1. At R0 = 22 Å, how high is the FRET efficiency between V99 and K57 if r is their beta carbon distance? Nearest 0.05 is fine.
2. Please report the base-10 log of the normalised intensity I(q)/I(0) for the stretch 79-155, using a Debye sum with one equal scatterer per alpha carbon and no solvent, at each q in 0.19, 0.21, 0.28 (1/Å).
3. Relative contact order for the stretch 52-155: what percent, with Cα pairs under 8 Å and sequence separation of 6 or more?
4. Greater than 32 Å separation of Cα atoms is the criterion. Which listed pairs, K77/K156; K79/K148; K108/K155; K85/K148, meet it?
5. Net charge near K151, counting Lys/Arg +1 and Asp/Glu -1 over other residues with Cβ under 12 Å of its Cβ?
6. Assuming R0 = 41 Å, what is the FRET efficiency of D110 and A78, from their Cβ-Cβ distance, to the nearest 0.05?
7. Suppose R0 equals 25 Å. What FRET efficiency, 1/(1 + (r/R0)^6) with r the Cβ-Cβ distance, do V132 and L153 give to the nearest 0.05?
8. How do M123, M61 line up, fewest other C-beta atoms within 10 Å first?
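Read the figures in this text as sums done on the coordinates, not as results from a lab. What you see is a predicted model, and the numbers here were worked out from it, not measured in a lab. For neighbour counting, all protein chains shown are included, and Cβ atoms are generated from backbone atoms with ideal geometry for every residue, glycine included.
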Amino acid sequence: MIWGFFYSLEQARVFIGTIAIHSLKKLTMKFDLRLLIASVMIFGAGSTMANGEATYKQVCMACHGAGVAGAPKVGDKAKWAPLIKEGQVHITSDGYFGVRAMPAKGGKPDLSVEQFASAVVYMANQSGAAWVDPDAKTLALINEKIEKRQKKLAKK
Ligand code: HEC
């Protein structure tokens, strides 16, 4: 990695410079790296947690907030119960692909499957489910379903 490279440059410098300066630099470098990792972790966790809700509010709430055009209204447990029963993989791939009056990707073409899935988790959990953001395996199943539907469409 790049840090390893810098570290060896530092080591090379030891032969020229003094040991005292070297260890001081090494210390700050280690600190920087730790700070970097910590901030990436905090930022990463924070953003996935907030993502579903943010995407919902930005993209999905327009229809799913009030139940426009027959969209299952968030919080309407009776409407969501059968969807929750169909399962996360099923309704996430359906919604992402588009189903009847539900536009593909909620009408936002640059929305990733992950972002869409998080929004579905948020909506379902407001309506009686206890889902979590899909792990790699679930995500693969969702992607597989979307691809199958796209292939089917291409054949027509
Ligand atoms: C333009 C309005 C509209 C927007 C925007 C919209 N939806 Fe929908 N959605 C619908 C409608 C209408 C349905 C019901 C479709 C049906 O079953 O006939 C639906 C159904 C769904 C379903 C159930 C799919 C199934 O298998 O029956 C999911 C999941 C879903 N939407 C997720 C989302 C997410 C996530 C977003 C935002 C990223 C979003 N929707 C944005 C209108 C919308």
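1. 0.55
2. -0.77, -0.94, -1.50
3. Reported relative contact order: 33 percent.
4. Pairs exceeding the cut-off: K77/K156.
5. Net charge in that neighbourhood comes out at +4.
6. Step by step, r from the Cβ atoms, then E = 0.80.
7. Efficiency, from the Cβ-Cβ distance: 0.25.
8. M61, M123
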